[in-house]
1. Give me the number: length gained by fully extending LEU109 to LEU61, i.e. 0.36 nm times residue separation minus the C-alpha to C-alpha distance, one decimal in nm.
2. Kirkwood Rh, Cα Rg: Rg to Rh for the stretch 51-137?
3. Full-extension gain between MET54 and ALA70, please, as 0.36 nm times their residue separation minus the C-alpha to C-alpha distance.
4. Taking the stretch 88-156, which trypsin sites (Lys or Arg not before Pro) meet the DSSP loop condition and have no more than 16 other C-beta atoms within 10 Å?
5. At a 10 angstrom cut-off on C-beta neighbours, averaged per residue, how do the peptides 104-110, 72-78 rank from highest to lowest?
6. Between TRP145 and ALA84, take the C-beta separation as r, use R0 = 22 Å, and let me know the FRET efficiency to the nearest 0.05.
7. Give the residue list of GluC sites (Glu not before Pro) in the stretch 112-145 that are DSSP loop and have at most 10 other beta-carbon atoms within 10 angstrom.
8. Hey, rough spin-label estimate for GLU117 and ARG152, points 7 angstrom out along Cα→Cβ, what's it come to in nanometres?
Amino acid sequence: MAGERRERRSSERRGRTQMSRGRNARVVVAWWECFECAPRLRRAAQTRRKGADMKNTFMILWAPGPAWVAGKTVREQPYWAEHAAFMDRLFDDGSVVLGGPFADASGSLVIVEAEVEGEQDVEDMFARDPFVVHGIFALASRKRWLLFLDARRKGRDSRKG
């Protein structure tokens with residue numbers, strides 16, 4: 001029954017002919033219809049290319065590591081200057097969007113935007129951070145974050161057009 005409906009619908013379409021029957025039926029599209037769908041296909045291909053070049057957003061949560069000196073703020077920890085220089089480089093190249101310690105000194109949060117695929121790639125970005133190397137910070141959590149709302153991109157919202 002479903003196959004008959006599919007065959008009937010296919011044969012009713014202008015410029016199309018049924019090539020085979022059954023579950024894997026193939027349809028030949030008339031040449032003039034290809035020109036009609038070309039702009040849509042071109043836009044879809046551009047969107048896929050943009051998606052491949054887009055930065056992914058990640059959240060990294062740091063906890064005090066084994067070398068954390070209790071009773072001192074993050075700026076008073078050993079290797080602070082080296083850690084700050086490392087983070088400044090990531091900030092300057094656009095990889096780190098937001099970052100800083102929690103007010104209660106229970107750890108730090110960093111938001112990363114980078115052209116990397118997975119969480120391990122982001123963790124690898126921080127492997128040479130002096131706070132990580134010397135045990136001041138210990139990785140508590142890392143996750144890829146799918147942003148739905150972002151005020152920074154309000155003016156560039158693609159949903160409007």
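1. On the way: separation 48, 0.36 × 48 = 17.28 nm, distance 0.48 nm.
Length difference between fully extended and current span is 16.8 nm.
2. Values: Rg = 13.2 Å, Rh = 13.4 Å.
Value, to two decimals: 0.98.
3. On the way: separation 16, 0.36 × 16 = 5.76 nm, distance 4.00 nm.
Here the answer is 1.8 nm.
4. Numbers: sites: ARG89, ARG128, ARG142, LYS143, ARG144, ARG152, ARG153, LYS154, ARG156; in loops: ARG128.
Those satisfying the criteria are ARG128.
5. Highest-to-lowest ranking by the protection proxy: 104-110, 72-78.
6. Values: r = 24 Å, r/R0 = 1.10.
The formula returns an efficiency of 0.35 here.
7. Working: sites: GLU113, GLU115, GLU117, GLU119, GLU123; in loops: GLU115, GLU117.
Taking the stretch 112-145 and a limit of 10 other Cβ atoms within 10 Å, the loop GluC sites (Glu not before Pro) found are GLU117.
8. 2.5 nm
Any read-out appearing in this document is the output of simple, stated calculations on the displayed coordinates, not a laboratory observation. Because the structure is predicted, anything quoted here is derived from the model rather than measured. Reconstructed Cβ throughout: ideal geometry from the backbone, glycine too, with neighbour counts over all protein chains shown.
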